[in-house]
1. If you take the residues in region 425-477 that are among the basic types (Lys, Arg) and either touching a helix residue (DSSP H, G or I) at 6+ places or on another chain (Cβ under 8 Å) or assigned to a strand (DSSP E or B) (or both), which one is most open to solvent (accessible area, probe 1.4 Å)?
2. So in region 121-133, with the set limited to residues that are open to solvent by 40 Å² or more (accessible area, probe 1.4 Å) and in contact (Cβ under 8 Å) with a residue 24 or more places away in the chain, which one is nearest to Arg104 (Cα to Cα)?
3. Pairs please, first residue from region 322-344 and of a type in the set (S, T, N, Q), second anywhere and surrounded by fewer than 16 Cβ atoms within 10 Å (Cβ to Cβ), Cβ atoms under 8 Å, 6+ apart in sequence or on different chains.
4. Could you check region 266-303 and list, in sequence order, the residues that are at positive phi and open to solvent by less than 30 Å² (accessible area, probe 1.4 Å)?
5. For region 254-265, state whether one or more residues are touching a Lys or Arg at 6+ places or on another chain (Cβ under 6 Å), among the small types (Gly, Ala, Ser), within 30 Å of Glu173 (Cβ to Cβ) and surrounded by 20 or more Cβ atoms within 10 Å (Cβ to Cβ).
6. Could you grab me the full set of residues in region 238-262 that are within 11 Å of the chain's Cα centre (by Cα) and closer than 12 Å to Leu468 by Cα?
7. Test of understanding: among Phe385, Phe349, which residue is of a type outside the set (D, E, K, R) and surrounded by fewer than 23 Cβ atoms within 10 Å (Cβ to Cβ)?
8. Which members of region 12-21 meet the condition of being at pLDDT 95 or above and open to solvent by 50 Å² or more (accessible area, probe 1.4 Å)?
Amino acid sequence: MDFNAPISLPTRFHRLFSCNFRKNLTLPLASMPLSEDFVNATRGDPCPLLDSKGSHRETVSAGTYRVQTEQGLVTRLIGAYAPYATYDAIVQAINGAVGFTFIRDQEQMHVLFASGNDGRISLIFENGTRTEVIETEFCFIPGMRVLVTSRNAFLDCYIDSGNGYAASVHTFEAKGWENLNDQKIIKTVKAGFTVRGCAEVSSVRCYMDCGLKQADIRPIRYEDGRVLMEGGKVYLTMSIRMEASCYSGVFSWVPGTEQFALVGTLFFDRGDGILGNDVASSIIYHRPSGMWYLWICSFTHGHILAHAEMDADPRFGVNVIDYQLMELMHEDDDDTVFRGKPADEDPDFLYDKKTGKWYMTICRIAKTEEGNKYRYHLFESDHPFDGYRFVTRSSNGDETGGSLLLRDDGLYFVCGSSFSKRARYHIYHLPDMENPTVPTFDYDDGGFRGWGTYIPVKRGTRETIYHLTFDRERGSDFNWSYGNLYCFIPD
């Protein structure tokens, strides 16, 4: 390879925009139909009564659900329980408490938002015989939005006082409910809306949302690496970072704009029935077979890589994907062996028609003179999931988030590179992984081992390569809750 030859990828970029979704993109799952008088319906029961205590009166009119009880309560069904979902209500008036109830067999768990005599909101958590009360600094305002996001045995509570910002208030731990990632248990749980005392609400919903921040960006592509584009949109997998924990979302994007939409979520099952919230996926649509291929990092099963193939489109809705973990390394294996090594991350793969080979990159901890560093390892095979042979590995930086790109002049690899430098990325013209080109940016936000997500998009006779990346600004005290998104285009 001529190391002095110009590469066909851009190396100078300027910022197009930055954004942060923070719980403002949703994938609707269920809602209470407040345009219909479900209380008095006789030919259907869209919101069945799950529980009531004491005398009560309910009405639904003009898009408002009103409940009056005499020191009692009413709970009506929203829908089935959905792991990692957000339960959301807009409260117009309250004299008592409103919130959400989760029911499993004969057990009930309540998360309620109560208004005191001073108008301040307190949180009430009831789990069996246990009751916990948290006072907040929020005063009730008509139109206030109250939210609870579930993540297995934890319930994150938020309040939006009407400015569109869901402020984090408290997280409750639901002891005894730790198995809410077991798919058999998930099917038995109901979610309801509860009123104690009197209240008026104008919306009750359940949805998947985009969490606090995003990371691990990669476009869904065809087998040759070309970006899959339909209706002027590309589709991206990104990890949805929460107060703690995460899961994988699928977003549509109109390239070059800030028009994103959450269109799907991905969960994973290795055959044990446990719903895995794994992230950092690489998905391709293999046109010759009509199948979708996937490699992903399985944090839920030992932090090793896993793969899957499916005939159904994984982009839309809530998907559960059966996958197979890599065989673990043997004790005497070195890092060049294509077996699973704990701490492997951020895989990518594609097929090169010219060579007739599949190429795959794995971010793997390697022993170096500087200590253990994440370095990318390149493998090739005749098959997408096995038979890979080691080709080479990089020798620079602390690398992460790499993407393969197939161009007319060969195969490229772009990845993030440094824990200490903003917007430090490496471009490799494979198989050379010793001499990276380092692109430059007018604003160096992003990086700190951000992802080198180059997205080539053709429109008409022109092609633009967008660089969509993220920073590591934490959305919560949890270390892995980053980051904000940045979009760059070439100078």
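The values are calculated or read from the model by the stated rules, or taken from the named source; none is laboratory data. Because the structure is predicted, anything quoted here is derived from the model rather than measured. So basically every Cβ, Gly included, is an ideal-geometry build from the backbone, and we count neighbours across all protein chains shown. We work out accessible area using only protein heavy atoms, side chains counted, and drop any ligands, DNA or RNA first. Shrake-Rupley method; radii C 1.70, N 1.55, O 1.52, S 1.80 Å.
1. Arg462
2. Gly128
3. Thr336/Phe390
4. Answer for region 266-303, where residues must be at positive phi and open to solvent by less than 30 Å² (accessible area, probe 1.4 Å): Gly273, Ala280, Gly290.
5. Yes; the residues of region 254-265 include at least one that is touching a Lys or Arg at 6+ places or on another chain (Cβ under 6 Å), among the small types (Gly, Ala, Ser), within 30 Å of Glu173 (Cβ to Cβ) and surrounded by 20 or more Cβ atoms within 10 Å (Cβ to Cβ).
6. The one that is within 11 Å of the chain's Cα centre (by Cα) and closer than 12 Å to Leu468 by Cα: Met238.
7. Just one listed residue meets the conditions, Phe385.
8. Scanning region 12-21 gives Arg12, His14, Arg15, Leu16, Ser18.
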